[in-house]
Every structure is written in structure tokens, then in C-alpha cells.
Amino acid sequence: MSDKADQVPPDKLELYKRLIDTHPEIELKGGLKLPYTSYRGHMFSQLTKAGTVGLRMGKTEREAFLAEHNNGLLETYGTVMKEYVAVPDHLLRDTGKLLPYLEQSYAYAKTLKPKPTKRKK
């Protein structure tokens, strides 16, 4: 059984799920502790334990997002995630306005080389 202290805030999880559910190609992974999305082994969105959504973006999109929303890079477990922007709460609550940024993040993940699998053949 999972300890609630190890879970992300339920209200933020619902908002994150609502966002991910708007895009039919993207599947939410990670359960209640650390929900995230990935493409070919590359995570491109996540919800931190503190309840902050991070989106991975290319340099141009990332800089534009940071300038437009006056927010910083995602920080989790004391580490700044250099390719991830931290989504402000007001934007997380507005799925329609946040969706294009999720699509940019997904498009960026598609440009990355697939990570090699660790499974034995």
C-alpha cells in the first residue's frame, strides 16, 4: 500500500491527467508517486512530488515559454532539470492554453534518438 506522503498532490494529479487525456497519442505512466509521460525512452513531462508539472522542450521553445510565463526551469529533488520548464499553477488549471506546450514537448521528444533498451535478447 502506498503512503500518501509519497504521492503527488491529488488536485495537481487531476489537472495533469486532464491535460494528458486531451492528447490521444500520449499515455500517462508512473502511477500516483511520480506520474510522467515518455516517448521512446525519453521522459518529456512529469509531475513532481511538490505538485509542479515540468515540460521538456527544445531550446527555442523553452526560452519563449520562460519569457512569456515569467517562470523558471523545473527543480526536483534539489536538481535543476535544464531542459524542463516549470508550469505555473494558473497555466496548469487552463488545459486549453497548456495543451500547445504539451504538444511542443511531445514533438521535441520525437526528435530525440531512441534510448537503447536494457532487456536481454
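The values are calculated or read from the model by the stated rules, or taken from the named source; none is laboratory data. Every value quoted in this text rests on a predicted model; they were computed, and no experiment measured them. FYI the Cβ positions are ideal-geometry reconstructions off the backbone, even for glycines, and counts take in every protein chain you see.
Quick look at the values:
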read-out: Every pair of residues 6+ apart whose Cβ atoms lie under 6 Å, when the first sits in the stretch 24-41 and is under 19 Å from K113 (Cα atoms) while the second is small (G, A, S) and outside any loop (DSSP other than H, G, I, E, B); value: T37/S45; Y39/A109
read-out: Single unsatisfied condition, L13 versus (1) buried (at least 16 other Cβ atoms within 10 Å of the Cβ); (2) in contact (Cβ under 8 Å) with a residue 60 or more places away in the chain; value: (2)
read-out: Some residue of the stretch 77-85 being crowded, with 20+ Cβ neighbours inside 10 Å and under 23 Å from L28 (Cβ atoms); value: yes
read-out: Hits in the stretch 92-121 - residues which are aliphatic (A, V, I, L, M), crowded, with 18+ Cβ neighbours inside 10 Å and either in contact with a Phe, Trp or Tyr (Cβ under 8 Å, 6 or more places away or on another chain) or part of a loop (DSSP other than H, G, I, E, B) (or both); value: L92, A109
read-out: Residue count, the stretch 14-33 (criterion: over 22 Å from Q104 (Cβ atoms) and not charged (D, E, K, R)); value: 2
read-out: Residue satisfying condition, being free of Cβ contacts under 8 Å to residues at least 60 places away in the same chain, assigned to a loop (DSSP other than H, G, I, E, B) and not β-branched (V, I, T), within set A64, A50; value: A50
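Here's the yes/no breakdown for (1) in contact with a strand residue (DSSP E or B) (Cβ under 9 Å, 6 or more places away or on another chain); (2) at pLDDT below 95:
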position	(1), (2)
K12	yes, no
L15	yes, no
P24	no, yes
G30	yes, yes
Y39	no, no
K49	yes, yes
